[in-house]
Amino acid sequence: MTKTVLTYGTFDLFHIGHLNVLKRLRALGDRLIVGVSTDEFNAVKGKRPIVPFEQRIEIVRSIKYVDMAIPEERWAQKREDIEKFDVQIFGIGEDWKGKFDELEDKVEVVYLPRTSGISTTEMKRVLSAFDERHVEELKRTLDSLSQIVKELS
Ligand code: C2G
């Protein structure tokens with residue numbers, strides 16, 4: 001019998017942490033189905049991805065460990081997807097530990113260790129340093145510094 005693994009995520013600014021968890025999940029079964037959160041559903045989750053949904057799902061679909069990518073639109077869709085795709089294992093990173101135990105009446109629920117040292121949130125924080133306002137601030141500081149240097153010399 002084909003063992004089907006199911007997971008969900010936003011996969012914004014796709015990085016090695018995303019790749020590792022997909023690779024590990026695929027190794028648990030014969031096929032991996034990935035639900036990619038739509039931009040509307042991310043708004044519900046309080047997230048605003050940088051990369052639009054259409055591009056994120058295309059990237060996930062192109063990962064060799066992924067056999068199928070579907071839109072994730074609601075919290076409640078997990079149970080429907082488990083039925084629809086005849087899923088045996090639900091897996092996700094340990095940052096969700098315990099959050100999906102209620103699915104254990106249907107499937108084996110697995111929480112995998114996260115890849116340390118990389119996160120989309122951190123990447124977005126670093127990128128925000130380059131936004132307009134910060135650059136303007138930087139410019140002003142440099143201008144006043146060069147003014148001081150001029151006055152001192
Ligand atoms: N991940 C990881 N290591 C990292 C970063 C992320 O293993 N350094 C894993 C997460 O644990 C998750 C997957 O990568 O299993 C996707 O992470 P996100 O895109 O942040 O997913 P999230 O927005 O938390 O969506 O219904 C569940 C949600 O859709 C999960």
Local electrostatic count, Gln55, Cβ distance below 13 Å [Lys/Arg +1, Asp/Glu -1]:
-2
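I want the antiparallel fraction of DSSP beta bridges within the chain, as a percent rounded to 5.
Taking every DSSP beta bridge with both residues in the chain, the antiparallel ones total about 0 percent.
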Under a plain spin-label model, where a point goes 7 Å from the Cα along Cα-to-Cβ, how far apart in nm are Glu40 and His15?
3.0 nm
Arrange the peptides 55-66, 113-124 so that the one whose residues have, on average, the most other Cβ atoms within 10 Å appears first.
55-66, 113-124
Give me the net charge of Val36's neighbourhood, meaning all other residues with Cβ under 9 Å from the Cβ of Val36; Lys, Arg count +1, Asp, Glu -1.
+1
For the pair Leu103 and Arg31, what calculated FRET efficiency results from E = 1/(1 + (r/R0)^6), where r is the Cβ-Cβ distance and R0 = 30 Å, to the nearest 0.05?
0.95
For peptides 74-86, 133-145, 4-16, 22-34, sequence by mean Cβ density within 10 Å, most packed first:
4-16, 22-34, 74-86, 133-145
What does the charge dipole of the chain about its Cα centre add up to, to the nearest 20 debye, if the Cβ of each Lys and Arg holds +1 and the Cβ of each Asp and Glu holds -1?
360 debye
To the nearest Å², the heavy-atom accessible area per residue of the chain with 1.4 Å probe amounts to 62 Å²
Taking +1 at the Cβ of each Lys and Arg and -1 at the Cβ of each Asp and Glu, which of Thr141, Gly98, Gly117 sits farthest along the dipole of segment 59-153 towards its positive end, judged by Cα position relative to the Cα centre?
Thr141
Report the Stokes-Einstein translational diffusion coefficient (µm² s⁻¹, integer) for segment 1-143, Rh taken as the Kirkwood radius over Cα pairs, at 25 °C with viscosity 0.890 mPa s.
150 µm²/s
For segment 95-127 versus segment 29-56, the gap between their alpha-carbon centres in whole angstrom:
14 Å
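The values are calculated or read from the model by the stated rules, or taken from the named source; none is laboratory data. It should be emphasised that the depicted structure is a prediction, and the values quoted were computed from it without experimental measurement. Note that we place each Cβ from the backbone using ideal geometry, even for glycine, and neighbour counts take in every protein chain shown. To get the accessible areas, we keep the full protein, side chains included, count just its heavy atoms, and leave off ligands, DNA and RNA. Shrake-Rupley method; radii C 1.70, N 1.55, O 1.52, S 1.80 Å.
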